[in-house]
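The values are calculated or read from the model by the stated rules, or taken from the named source; none is laboratory data. Since the model is a prediction, treat every value here as computed from it, not as a measurement. Neighbour counts run over all protein chains shown; Cβ positions are idealised from the backbone, glycine included.
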Amino acid sequence: MNGIRQHQYLKEIGITVWLERKLAGKETTGFNVKSVSKENRLLETELDKNLDYLSSQVQTCNFCELHKFRTKAVFGIGNKNADWLVIGEAPGVEEDLKGEPFVGRAGKLLNAMLLSMGLQRKEVFITNILKCRPPKNRDPKLDEVEACGNYLRQQIELIKPKVILALGRIAAQNLLKSTTPIGKMRGNSYLYPGSDLPVVVTYHPAYLLRSPTEKRKVWEDLKFAQNIFRGLI
């Protein structure tokens with residue numbers, strides 16, 4: 001991605017070009033494509049089978065009351081070998097209908113956020129804390145998070161990302177088992193419990209649609225995440 005195109009996506013997430021003019025004419029290196037050598041094909045085939053099986057479990061899950069209200073469970077989508085795992089809160093109305101996370105306006109903004117880092121949607125894996133939509137988009141209940149927790153843990157173990165990007169308070173607090181307000185979690189690197197996998201917290205795209213003045217803070221978070229990925233922090 002060249003500097004001009006990156007500035008286009010920066011504009012979409014509310015960042016003026018002059019703030020990042022040092023990037024002009026440079027190639028971004030927000031991600032590394034994992035090898036698909038012959039030696040890895042058997043492992044990737046096994047990964048596909050395991051994730052497909054896990055997805056089938058999610059589609060028929062009845063561990064909490066949310067299964068009574070769903071149209072489609074939303075397992076997640078993207079590169080099963082992704083270096084970046086993006087985790088949001090829960091499906092909304094459009095996600096419930098389509099069975100895919102982050103569609104609609106929030107999804108378009110997330111795509112712009114990723115593109116500003118040199119990442120395409122298909123090159124990351126995107127999922128949520130909850131796999132089914134809570135009625136009226138209310139906050140998840142503890143038993144619902146716990147019911148979905150095993151699915152998320154297995155996704156993380158199978159995909160083996162290098163960085164997790166947690167979007168929004170619900171995702172960040174539940175993922176990290178914390179009650180710290182998201183404003184205080186931003187700008188820090190955390191570890192996914194029981195691992196050395198870094199987690200970076202930022203605002204949810206849906207929140208940014210309501211509070212566009214916060215978009216500049218998100219760009220700082222995304223740069224911070226890139227530096228962690230590159231081993232600079």
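Quick notes
- Filtering the stretch 87-111 to residues that are out of contact with any helix residue (DSSP H, G or I) (no Cβ under 7 Å at 6 or more places or on another chain) and either modelled with pLDDT under 95 or over 16 Å from Leu208 (Cα atoms) (or both) leaves Ala90, Pro91, Val93, Glu95, Asp96, Leu97, Lys98, Gly99, Glu100.
- From Tyr192, Tyr151, residue being over 22 Å from Asn111 (Cβ atoms) and in contact (Cβ under 8 Å) with a residue 40 or more places away in the chain: Tyr151
- Index of the failed condition, Ile233 passing every other in (1) closer than 15 Å to Trp84 by Cα; (2) touching a strand residue (DSSP E or B) at 6+ places or on another chain (Cβ under 7 Å); (3) surrounded by fewer than 21 Cβ atoms within 10 Å (Cβ to Cβ): (1)
- Against the list (1) within 17 Å of Leu222 (Cβ to Cβ); (2) crowded, with 23+ Cβ neighbours inside 10 Å; (3) of a type outside the set (Ser, Thr, Tyr), the condition Asp83 fails is (2).
- Out of Val93, Val103, sole residue that is in contact (Cβ under 8 Å) with a residue 12 or more places away in the chain and surrounded by fewer than 23 Cβ atoms within 10 Å (Cβ to Cβ): Val93
- Meets criteria (touching a Pro at 6+ places or on another chain (Cβ under 9 Å), within 24 Å of Phe75 (Cβ to Cβ) and in a helix (DSSP H, G or I)) for Ala225: yes
- Residue tally, condition among the basic types (Lys, Arg), in a helix (DSSP H, G or I) and under 14 Å from Pro134 (Cβ atoms), over the stretch 38-93: 1
- Condition check for Leu66: at pLDDT 60 or above and either surrounded by 15 or more Cβ atoms within 10 Å (Cβ to Cβ) or touching a Phe, Trp or Tyr at 6+ places or on another chain (Cβ under 7 Å) (or both): yes
- Only listed residue being closer than 17 Å to Leu51 by Cβ and over 14 Å from the mean Cα position of the chain (by Cα), chosen from Gly99, Gly183: Gly99
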